[in-house]
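Worksheet: the structure to be examined is printed underneath.
The values are calculated or read from the model by the stated rules, or taken from the named source; none is laboratory data. No experiment lies behind these values; they were computed from the predicted model shown. FYI the Cβ positions are ideal-geometry reconstructions off the backbone, even for glycines, and counts take in every protein chain you see.
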Amino acid sequence: MRTNSLNFGHRPETIRFWRRQVARALRTTPAPFYLFSAAPILHALRELTAACRASPLPVRHWLSCKTQPLAPLLRWWRRRDGSIEVVSEFELLAARREKFPPARIMINGPAKHHWLPRHAEPGFTVNFDSEAELAALWPLAVRYGWRLGLRLLTRAEEDAEHPGRATQFGFEPAAALRALQWLQRRNGGIEVLHFHLRSNVAETSVYEAAVAEAAELCRRAGVQPAFLDLGGGWPPPHTVSRRGEKFAGRFHRRGIARLLRGVASQFPGLREIWLENGRFVSARGGVLVVKVLEEKRRRGWRQLICNGGRTLHAMVSLWEEHALLPLERRRGRAIQTAVHGPTCMAFDQLACRRLPADIGPGDHLIWFDAGAYHVPWETAFSHGRAAILWHEAGPLELVRAPQTFEDWWAGLGASPPGFSSARAQGMAGAVGRAKSKGCAGARSNAT
């Protein structure tokens, strides 16, 4: 639990931008809500482009759908001729619904042989995750002419909760070598080699080690991929660990340039380098806005109970610290403050730090950098889901209205309002009689 002030490094114009947009949103939409904007995402893309200028090869940036599966964001990205990476059946359907052509869709993730056959079509890029996937999807890959890749499990990929234990993704090196040789005998090998390290990769040396490992595998297998997919999230610039350390503190441009030059030198046949920077691109593109409902003071702490928090809206606050500022101008003496959500769980703590003493009920708090893994991990624990707004140009767009009680309860098995149990039993009886009559008619016709 942190009690000292934290430096997140947001520029004053960034804070003013979000305060203006939040004030606009509150005219029509009460908190809690998420507010997302294309402008900061465009700024992040420009930063990526500048960081990759030292690359001897073209660099393609894929939108990570899982990081922020938001329809207006997908549409904005597609209009910019962007490509999208999906890791589930729903994400693939979302990409197609938003009119991404198959040639601009890359399909990653485990166990996709259980759902991808239902949606197979020509043009996809598919990175196999296991030998079972390869065996099951190979006939479809041949039929539809997919661009094929393979995900390698590198030594850097460990279970964060159990260091030393491998993650569940990709081919171990020995299995990868077998798969590459098998593919070479059938179609000349793969076009894509892929690995995915994790989110918030601390420094580029982690990538460099994984690249060297992948290059050695390709030399042993005698393959030269045309595309190397460097999966894993570059850390966003304005979030810190629970210990107060900036995730991006050791991730420097010099290291990025060295990494990209090293990729080109170790993969002689490479045509493009691919990046899937979900968190770096999307995190700064959104905020969460909550309203203070009640204030309590006990054991040396001021507690603010809000209508949104960790449990419902910001699960990442369990391991990340984000900037948290009042919308209203508050300049009181900073005191130790715990910001809680409204759920009946002590776990529901959005932040614990010094905040102005004059923040009180009715004020609004802005939780910054909420554009990555907030909406995908939100819950409806005893409450409805929050509204979502999108800012691009002109008026704010209400993407999702606040969830009503009727919608929340219907999703948990309730009947529509006014739909009595007696009426439901009557309908069930009528359906049963109709079925019996139909079966009797069928028997009569059969005889």
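Below is a table of values for the structure above.
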item	result
Hits in region 244-295 - residues which are surrounded by fewer than 17 Cβ atoms within 10 Å (Cβ to Cβ), closer than 23 Å to Leu6 by Cβ and of a type in the set (D, E, K, R)	Glu245, Arg250, Glu295
Which listed residue is among the small types (Gly, Ala, Ser) and within 18 Å of the chain's Cα centre (by Cα), from Ser317, Ser241, Ser265	Ser317
Some residue of region 353-374 being over 20 Å from Thr239 (Cα atoms), part of a loop (DSSP other than H, G, I, E, B), more than 21 Å from the chain's Cα centre (by Cα) and charged (D, E, K, R)	yes
All positions within region 113-169 that are surrounded by 20 or more Cβ atoms within 10 Å (Cβ to Cβ) and assigned to a strand (DSSP E or B)	Thr125, Val126, Asn127, Phe128, Leu148, Gly149, Leu150, Arg151, Leu152
Which numbered condition Ile335 fails, given (1) within 20 Å of Gly244 (Cβ to Cβ); (2) among the aliphatic types (A, V, I, L, M); (3) surrounded by 22 or more Cβ atoms within 10 Å (Cβ to Cβ)	(3)
Residues of region 59-107 classified as polar (S, T, N, Q) and out of contact with any Phe, Trp or Tyr (no Cβ under 9 Å at 6 or more places or on another chain), total	1
All positions within region 74-112 that are closer than 20 Å to Leu42 by Cβ, in a helix (DSSP H, G or I) and not aliphatic (A, V, I, L, M)	Arg75, Trp76, Trp77, Arg78, Arg79, Arg104
Of the criteria (1) among the small types (Gly, Ala, Ser); (2) at pLDDT 95 or above; (3) in contact with a helix residue (DSSP H, G or I) (Cβ under 9 Å, 6 or more places away or on another chain), which one Ala314 fails	(3)
Qualifying residue in region 323-331 (condition: modelled with pLDDT of 95 or more, among the charged types (D, E, K, R) and closer than 24 Å to Pro235 by Cβ)	no
Evaluation of Gly255 against (1) under 30 Å from Thr125 (Cα atoms); (2) in a strand (DSSP E or B) (one fails), failing number	(2)
Set Leu260, Leu270, Leu230: member being of a type outside the set (Asp, Glu) and assigned to a strand (DSSP E or B)	Leu230
Filtered residues of region 42-73 (kept if of a type in the set (A, V, I, L, M, F, W, C), assigned to a loop (DSSP other than H, G, I, E, B) and surrounded by 21 or more Cβ atoms within 10 Å (Cβ to Cβ))	Leu70
Lone unmet requirement of (1) in contact with a Leu (Cβ under 9 Å, 6 or more places away or on another chain); (2) closer than 25 Å to Leu288 by Cα; (3) of a type in the set (Gly, Ala, Ser) for Ala39	(1)
